[in-house]
Amino acid sequence: MTKKPDASDDGTDNTSVLQDGQNTLLKELQKAKEQDACLIIIRGTPQGHRFFLTQNTMLIGRDPSAAICVSDQGISRRHAQIIQESGTIFLVDLGSSNGSFINNRRLSPNEKVALAKEDMIKLGTTILKFLPKGELEILFYGNLGSAAHTDPLTQIYNKGYLLEALEAEFKRARALHTEFSLIFFDLDHFKKINDTHGHDAGDFVLKELTQLVRKSHVRPKDIFARYGGEEFVLLLSNTAGKDAREIAERIRTGIEVHPFIYEGKRLPVTTSLGVAELQVGIEAAQTLLKKADQALYSAKSQGRNQVVFHN
């Protein structure tokens with residue numbers, strides 16, 4: 001005789017799965033409701049990037065000072081404008097050289113068109129998708145962009161995103177004549193940690209260090225990224241070199257005194273840091289990065305566990 005399945009157990013299991021899925025969906029929907037309307041780069045760089053439409057008037061263009069700055073040579077410096085009126089979002093072409101297109105229709109200069117869900121906006125070679133406030137799809141693109149720009153081990157930005165952000169922040173600082181600095185640092189004798197305690201210990205140190213720096217020393221608008229291996233970069237907008245050096249010193253001290261405990265043993269961890277600031281004569285973002293790297297090299301050659309500022 002076949003034993004009849006226990007009805008209560010079967011019902012409980014099914015209900016649990018359904019409830020878990022329902023709760024997840026409700027949380028996602030609630031989170032989506034809190035999202036502002038946005039434009040998402042569908043084709044272009046960086047793909048998946050979201051521009052949240054949080055102001056009543058937002059300039060779109062290649063100019064670094066634009067609220068929605070898109071690095072595309074086919075886009076004019078002042079290409080188009082987003083306008084919000086009474087809950088409706090409009091796109092206005094500003095007489096751009098190559099035109100603004102909504103769903104393949106070219107706008108006339110100064111023409112004002114209301115945007116609808118999933119409208120495709122073509123500017124130069126870049127295509128942006130419009131999503132109204134509260135759309136669940138906004139979260140999907142956010143997760144997609146996050147995965148593409150995140151270092152899987154440390155969960156901070158990766159080198160690809162860093163270099164894109166460096167170019168954008170550098171151009172913005174030069175255009176607006178604002179201060180801009182960066183810190184380039186790496187761990188001292190990291191190879192010895194791997195050789196002595198194993199690569200799992202090295203991974204632990206990298207993750208612990210990034211959490212420490214991110215929680216204690218990274219401000220909301222700073223960009224913290226893993227450059228590669230045990231090397232890290234911190235971009236500091238609106239920050240003078242003197243202030244950047246103080247931040248670097250706090251990072252150095254914080255890492256030196258932090259207890260990195262792995263399998264019951266405290267691992268000796270210190271870091272060397274190079275600091276550089278945007279100065280007259282620096283014409284390229286890579287030049288600024290190179291100066292910080294040179295300062296880092298000086299810190300290591302002078303004995304490690306110190307901060308060097310590139311003059």
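The values are calculated or read from the model by the stated rules, or taken from the named source; none is laboratory data. Computed from a predicted structure; not experimentally measured. No Cβ is skipped: glycine too gets one built from the backbone with ideal geometry, and neighbour counts run over all protein chains shown. Calculation scope for accessible area: heavy atoms of the full protein, side chains included, ligands and nucleic acids excluded. Shrake-Rupley method; radii C 1.70, N 1.55, O 1.52, S 1.80 Å.
Note down, for the range 235-311, the three equivalent ellipsoid semi-axes (square root of 5 times each alpha carbon gyration tensor eigenvalue), biggest first, whole angstrom.
Computed over the range 235-311, the values are 28, 13, 10 Å.
Which value, in Å² rounded to 10, gives the accessible area of residue 105 with a 1.4 Å probe and all protein chains present?
Approximately 110 Å² of residue 105 is accessible to the 1.4 Å probe.
Label residue 97 and residue 133 with points 7 Å out from Cα along Cα→Cβ: what is the distance between them in nm?
Computed distance between label sites residue 97 and residue 133 equals 3.7 nm.
I need two numbers for the range 199-252: Rg to one decimal and Dmax as a whole number, Cα atoms only, in Å.
12.0, 38
With every protein chain left in place and a probe of 1.4 Å, what is the accessible surface of residue 301, to the nearest 10 Å²?
80 Å²
I need the phi-derived Karplus couplings for the range 232-238: 6.51 cos²θ - 1.76 cosθ + 1.60, θ = phi - 60°, integer Hz, Gly and Pro marked x.
Working through the residues one at a time gives 9, 9, 10, 8, 10, 6, 6 Hz.
Could you provide, to the nearest whole Å², the per residue accessible area of the range 48-95 with probe 1.4 Å?
Solvent-accessible surface per residue comes out at 43 Å².
With a point put 7 Å past each Cα toward its Cβ, work out how far residue 287 is from residue 196 in nm, to one decimal.
If labels sit at residue 287 and residue 196, their model points lie 4.2 nm apart.
Quick query: amide H of residue 262 versus all other amide H atoms, modeled in the peptide plane; which residues come in under 5 Å with a sequence gap of 5 or more or a different chain?
Long-range HN contacts for residue 262: 267.
Enter the Cα centre distance for the pair the range 33-64 and the range 232-288, rounded to the nearest angstrom.
30 Å
Taking R0 as 45 Å, what's the FRET efficiency between residue 261 and residue 67 from their Cβ-Cβ distance, rounded to 0.05?
0.50
Quick check on the range 84-209: what are the equivalent-ellipsoid semi-axes from the Cα gyration tensor, as sqrt(5λ), descending, whole Å?
Equivalent ellipsoid of the range 84-209: 43, 20, 12 Å, largest first.
Report the GluC sites (Glu not before Pro) located in the range 178-285 that are in a DSSP loop and have at most 14 other Cβ atoms inside 10 Å of their Cβ, or state none.
Answer by residue number: 263, 283.
If I ignore ligands, DNA and RNA and count only protein heavy atoms, how much of residue 290 is accessible to a 1.4 Å probe, in Å² to the nearest 10?
Probe radius 1.4 Å; accessible area of residue 290 about 130 Å².
Provide the per-residue ³J(HN,Hα) series for the range 180-197, in order, calculated from phi with Karplus coefficients 6.51, -1.76, 1.60 and θ = phi - 60°, each as a whole number of Hz, with x at glycine and proline positions.
The phi angles translate into 8, 9, 9, 10, 10, 9, 8, 7, 7, 6, 5, 4, 5, 4, 5, 5, 7, 10 Hz.
With label points built 7 Å along Cα→Cβ from the Cα atoms of residue 56 and residue 298, find their separation and express it in nm.
Result: 4.9 nm between the two label points.
Of all DSSP beta bridges located in the range 34-183, what percent are antiparallel, nearest 5?
Within the range 34-183, antiparallel bridges account for around 95 percent of the total.
Which whole-Hz couplings ³J(HN,Hα) result when phi for each residue of the range 289-303 is put into the Karplus expression 6.51 cos²θ - 1.76 cosθ + 1.60, θ = phi - 60°, listed in order with x for Gly and Pro?
4, 5, 5, 5, 5, 5, 5, 4, 4, 5, 4, 6, 6, 8, x
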